[in-house]
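Structure record follows, encoded as C-alpha cells.
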Amino acid sequence: MKTKDLLTIATAALGTATLTVAAFWAGPIDAGNDADAPPAKLAKAKLVSHGVELTLAPTGGRTFQAGDQPEFELTALNTAGQVANLAICVTMNSTTVASAFARTPLLPKALWQQVQQLTLKPNETKVLTLCANTKLPVKSLISVSLREEGPKAGPSAPGIVALSFSTAAPAAQPVVALAR
C-alpha cells in the first residue's frame, strides 16, 4: 500500500467515528425523559357488552396452585339507562408447559365452562361467585376468558382473556452440600 491509500483509509475512519459520536452525543441514549418513572399499572381486563361492564377476579384475591378448585367473582355493572339481559360464557382452558426443545405449540384443553344469565337494572351492579368443578392440573398455563353467548346457529362472539396464571412450580433453589 502506498502512503496515499493509508491516508485515505485513516481519513475515512476518523470521519466515520466523528459522525457516530456526534449522532449519539447530542442527547441521552435512553428512550425518553421518563427512564426513572415507575412502570404503568395494567388495567384489569373488562368485557363491555350492551352497556354492561364485566370483570373477573379470583375470589378473595387468592393465588391458585395445582390441585386447587378455583372460585371466581364475576362483577357486572350496567352503565346503560335501560334493563340489560345477556348471557355470559366463562371458559377456563389449560395448556401444558412445553419443553424448551418443542417445535410445535401445544393445543389448549378446555377444563371448565359455565354460561351465566344476567339481568341488570339501569346502574345496577351484581357480583356473582362462580365455582369451577375441576381441579387445576400441574405444570400448566391457565387462561380464563369471558365472552357473550350468541345464538347457537351462528358463530360465537369474540371474547377476552380475563385471567391468566400458571401452576408450574417455581424453579427450585439449588441445594448446596457442605464438604467436611
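The values are calculated or read from the model by the stated rules, or taken from the named source; none is laboratory data. Keep in mind it's a predicted model, so treat the numbers as computed, not measured. Here the Cβ positions follow ideal geometry from the backbone for every residue, glycine too, while neighbour counts run over all protein chains shown.
Residues in the range 106-128 that are on the phi < 0 side of the Ramachandran plot and either in a loop (DSSP other than H, G, I, E, B) or β-branched (Val, Ile, Thr) (or both): Leu106, Leu107, Pro108, Val115, Thr119, Lys121, Pro122, Glu124, Thr125, Val127.
For the range 92-120, what are the residues that are among the basic types (Lys, Arg) and touching a residue at least 12 places away in the same chain (Cβ under 8 Å)?
To start, the set of residues in the range 92-120 that are among the basic types (Lys, Arg) comprises 103, 109.
The one that is among the basic types (Lys, Arg) and touching a residue at least 12 places away in the same chain (Cβ under 8 Å): Lys109.
For the range 23-44, does any single residue satisfy the condition of being closer than 30 Å to Lys121 by Cα and modelled with pLDDT under 75? Looking for residues that are closer than 30 Å to Lys121 by Cα and modelled with pLDDT under 75, one finds at least one in the range 23-44, hence yes. If you check every pair at least six apart or on different chains, which have Cβ atoms under 6 Å apart with a residue in the range 50-67 that is among the acidic types (Asp, Glu) first and a residue that is assigned to a helix (DSSP H, G or I) second? Correct list of pairs: empty, since none qualify. Residues in the range 72-105 that are within 16 Å of Val127 (Cβ to Cβ) and under 19 Å from the mean Cα position of the chain (by Cα): Phe72, Glu73, Leu74, Val90. Within the range 129-145, the residues that satisfy the criterion of being out of contact with any Ser or Thr (no Cβ under 8 Å at 6 or more places or on another chain) and either assigned to a strand (DSSP E or B) or surrounded by fewer than 16 Cβ atoms within 10 Å (Cβ to Cβ) (or both) are Leu130, Cys131, Asn133, Thr134, Lys135.
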